[in-house]
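Below: the structure, in structure tokens.
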Amino acid sequence: MEYIKFLLALVLFFKASFSANAQNNTNKPVNDLDSATLNQISISVRQEVQLFTSYLSSIVKKKSARNKRERETIMYNRESLKQEALNLFVGKGDKYDVVIYDITNNNPIDTIHHRAVIMQTKTVGNPVPKDTAMAKYLSYKVYQANKGLITGVSLQISSCDWSQMSVSTPLKIGNGEYVMDVFYLQKFRMVNGDNIPLPGGDKTTKRVTCYIYISDTDKGKRFIVRLGDIKAEEIEKWK
Amino acid sequence: MKKIVTYIISLLSFGVSPKAQTVYFDEFNMPMDRARVKLMDEFITRFNGKEIRDERYPDRMSNILLLFNRFQFKSEYDSLFSEAKAFSETIINDSIYLNYTDSCWFAKAKCYGTLSNKNVEFFLYLFVEERGEFMYKWAIADAEGEIFNTSRSRKHNELFIMPNDHENSFMSLKRITNETSRFIDDYVKDGYEAPPLSVFLTLVRCGQLKIDYVSDVEFFFLQVPNYSFSVKYFERNDLNLGWLINSFNKCNESEKVNLLCSLRHVYNQNEDKAKEHVVDVIDEVNTEEFTDLITNDSSRFYPNRSIGESVVGRFCNVLKLWWETGDRDYQKKASKECAGKNGKKCEISDRLSLQLAKNNILPQDSSYNLRIFWKGLETIRKKKEVKLDFSNIKQTGSCDEFDVISCSICLSGGMDLQSEDIFYVRKKDSKIISVRSLNE
């Protein structure tokens, strides 16, 4: 029995030393975050992306109004939802400036005007992607929904499933600032007034850039997640 | 009877409800979405065996094979598939892992843009670069495309700067830029080729070149010994989709170093000086001790090091392994790092060889080739208490032809000797051509 124990210990020792060797091959870490924080970030990012898809889904959902007042309320709600969705983005999806400083004396020397957060879309059969400012993209969705341009049917966006999201490792970009990507699949589906699925729709892959700002407070670490550019690629269309 | 009815109803309900669910969610093909390698980060995780595609394939080997674009194999018996298996085995046996921070992987992005309102296509090569503690960035390393080929192969006889132009303060320089700007290359000295990256930067800075969109991004990895492979994104109605290994090729380590050096333009900066075969002493770079060059891995590829450092690192490693084990294979490996058959053309005149000659172990001579040097070393190795150690391998100079590497060699126990040696490594074939002592 003692002999077996000794052999087992020997095997474990070699296994440990080999895995340590393997670890030597791995390179420098890409961030300074512990596993608990990484886990929290992963959850926060997924929640934020899900929130965005649910806002988008609510904006384009067809709602019937019996009178003018009801119609106005629906339109107002859509506008508020659009604003809520924009609040999820870095700089509220608006344009922003980056000041360039002289590295020697720290004096500002130039200002770069950056475009707003963009939604890059690519459709089946057209390899050229189209860039639209996020605010403009959402406004167009609100306009489409208000005008009932989705004739006869409403557009249902199935909210992305937690398990279908893929989250990359956060990469450090500044003090307490990190960037990462989230991948998910989204299905746009035609449904009728009773939410019965109709033929027609498409499936898109989406890659969202997420910015994470971490600050230490009295109550522990505070996370702020903001969404950045979205790359949407239509991969399947059905009629 | 009641029981039977309940049973039938429950059976029917089980039969119907899942079907209804399937109809509604059928567009989300779960196995397909699970199999899809969605992000490059996910590719690296699966390659490293930290994540598996599904429970049916629990081992790393199967997961690596699943990362291949299977459409490149005709069948299971395809020779390419056997090669893919060998490639995967190398990864497993050599414990190769990919890391985001590795310097031996790069991206090739196909860019579509406009140059003076004309549609153009070109490639940009990007590398990961460190920009602070735990911080990295992608940096453009090179550009490739027809639009960057500015130097003409044939010059026009009619266009040149007049031989007497020096007398009138090169007045015609104004004319060549205003009147014959299209043929500006005709006025450049023979043999000059503008680096594509410089051309790219100039065109962008002048506002002439604009990128409209980027597509077809391909990642190249050089971490696997004797192989290089590329990864591309595939979108199709199949379980083999996402970021997959598009191609893999046999590639020796010196080819990899040359490729990386050419892409990063590491030693092309002092072109004129290099042409005169002048060795510049580099003080500002590579001053740290490269302890990572001394490992027990004899065939290691050093991604962050120059050709010379990699060669000397490998040479020292195999020499140390031979010293410790007496295995002649290591001797052969060390000889392979030197010029000529069995290192015959490698000239050694360091302190150790002179000491050996002094003790009549080696014949009296000013320099020795590696073959003779082995005999001297073998004599000392037999004295078991003598230990051989290498340290502080660093690059001290470089020119067009060779890298200059310094290395401390220490013999302790019975024969105490401390020598600071200089290795000259020919860049053309990555071979050590000469070893001399710095503190002669």
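The values are calculated or read from the model by the stated rules, or taken from the named source; none is laboratory data. Remember, it's a predicted structure, so these values are computed and weren't measured experimentally. Every residue, glycine among them, receives a Cβ derived from its backbone with ideal geometry; neighbour counts consider all protein chains shown.
The table for this structure:
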| read-out | value |
| --- | --- |
| Flag for B:Ser88 being surrounded by fewer than 16 Cβ atoms within 10 Å (Cβ to Cβ), more than 14 Å from chain A (Cβ to nearest Cβ) and closer than 20 Å to B:Asn246 by Cβ | no |
| Residue match in segment B:374-386 (condition: at pLDDT below 80 and on the phi > 0 side of the Ramachandran plot) | no |
| Single unsatisfied condition, A:Leu138 versus (1) out of contact with any helix residue (DSSP H, G or I) (no Cβ under 9 Å at 6 or more places or on another chain); (2) at pLDDT 90 or above; (3) surrounded by 19 or more Cβ atoms within 10 Å (Cβ to Cβ); (4) over 28 Å from B:Tyr136 (Cα atoms) | (1) |
| Failed item, numbered, when B:Leu65 is tested on (1) under 27 Å from B:Met32 (Cα atoms); (2) in contact (Cβ under 8 Å) with a residue 60 or more places away in the chain | (2) |
| Residue list for segment B:53-71, filter: farther than 29 Å from A:Val30 by Cβ and either assigned to a helix (DSSP H, G or I) or within 14 Å of chain A (Cβ to nearest Cβ) (or both) | B:Arg70, B:Phe71 |
| Elements of type strands (runs of 3 or more DSSP E) contained in segment B:165-256, each with 1 or more residues being more than 26 Å from B:Leu124 (Cβ to Cβ) and in contact (Cβ under 8 Å) with a residue 12 or more places away in the chain | B:242-250 |
| Filtered residues of segment A:207-233 (kept if within 22 Å of A:Ser58 (Cα to Cα) and either at the interface with chain B (Cβ under 10 Å from one of its Cβ atoms) or without any contact (Cβ under 8 Å) to a residue 24 or more places away in the chain (or both)) | A:Arg207, A:Glu233 |
| Positions within segment A:86-107 being within 18 Å of the chain's Cα centre (by Cα) and in a strand (DSSP E or B), in sequence order | A:Phe89 |
| Options A:Asn77, A:Asn39: the member that is polar (S, T, N, Q), within 17 Å of A:Tyr140 (Cα to Cα) and modelled with pLDDT of 85 or more | A:Asn77 |
| Residues that are modelled with pLDDT of 85 or more and more than 15 Å from B:Ser430 (Cα to Cα), drawn from segment B:324-347 | none |
| Single residue of segment A:108-124 satisfying the filter (in contact (Cβ under 8 Å) with a residue 60 or more places away in the chain and assigned to a loop (DSSP other than H, G, I, E, B)) that is surrounded by the most Cβ atoms within 10 Å (Cβ to Cβ) | A:Val117 |
| Subset of segment A:148-175 that is loosely packed, with under 14 Cβ neighbours inside 10 Å and modelled with pLDDT of 85 or more - its residue that is nearest to the other protein chains (Cβ to nearest Cβ) | A:Gly174 |
| Answer from B:Ile361, B:Ile393, B:Ile372 - the residue that is β-branched (Val, Ile, Thr) and closer than 17 Å to B:Val311 by Cβ | B:Ile393 |
| Any hit, segment A:25-40, residues being away from every other protein chain (no Cβ under 14 Å), buried (at least 19 other Cβ atoms within 10 Å of the Cβ) and closer than 19 Å to A:Tyr213 by Cβ | no |
| Criterion violated by B:Lys74 - all others in (1) away from chain A (no Cβ under 14 Å); (2) touching a residue at least 60 places away in the same chain (Cβ under 8 Å) satisfied | (2) |
| Residues of segment B:197-229 that turn out to be away from every other protein chain (no Cβ under 14 Å), surrounded by fewer than 16 Cβ atoms within 10 Å (Cβ to Cβ) and of a type in the set (Ser, Thr, Tyr), as a count | 2 |
| Members of segment B:92-126 that are assigned to a strand (DSSP E or B) and within 14 Å of chain A (Cβ to nearest Cβ) | B:Trp105, B:Ala109, B:Lys110, B:Cys111, B:Tyr112, B:Gly113, B:Thr114, B:Asn119, B:Glu121 |
| Long-range neighbours under 7 Å by Cβ, at least six apart or interchain, first residue touching a residue at least 12 places away in the same chain (Cβ under 8 Å) within segment B:378-393, second in a loop (DSSP other than H, G, I, E, B) and acidic (Asp, Glu) | B:Asn392/B:Glu289 |
| Subset of segment B:354-371 that is in a helix (DSSP H, G or I) and at pLDDT below 80 - its residue that is surrounded by the fewest Cβ atoms within 10 Å (Cβ to Cβ) | B:Lys358 |
| Looking only at segment A:176-203, and only at residues there that are at the interface with another protein chain (Cβ under 7 Å from one of its Cβ atoms) and either closer than 27 Å to A:Thr217 by Cβ or in contact with a Leu (Cβ under 7 Å, 6 or more places away or on another chain) (or both), the one that is modelled with the highest pLDDT | A:Asp181 |
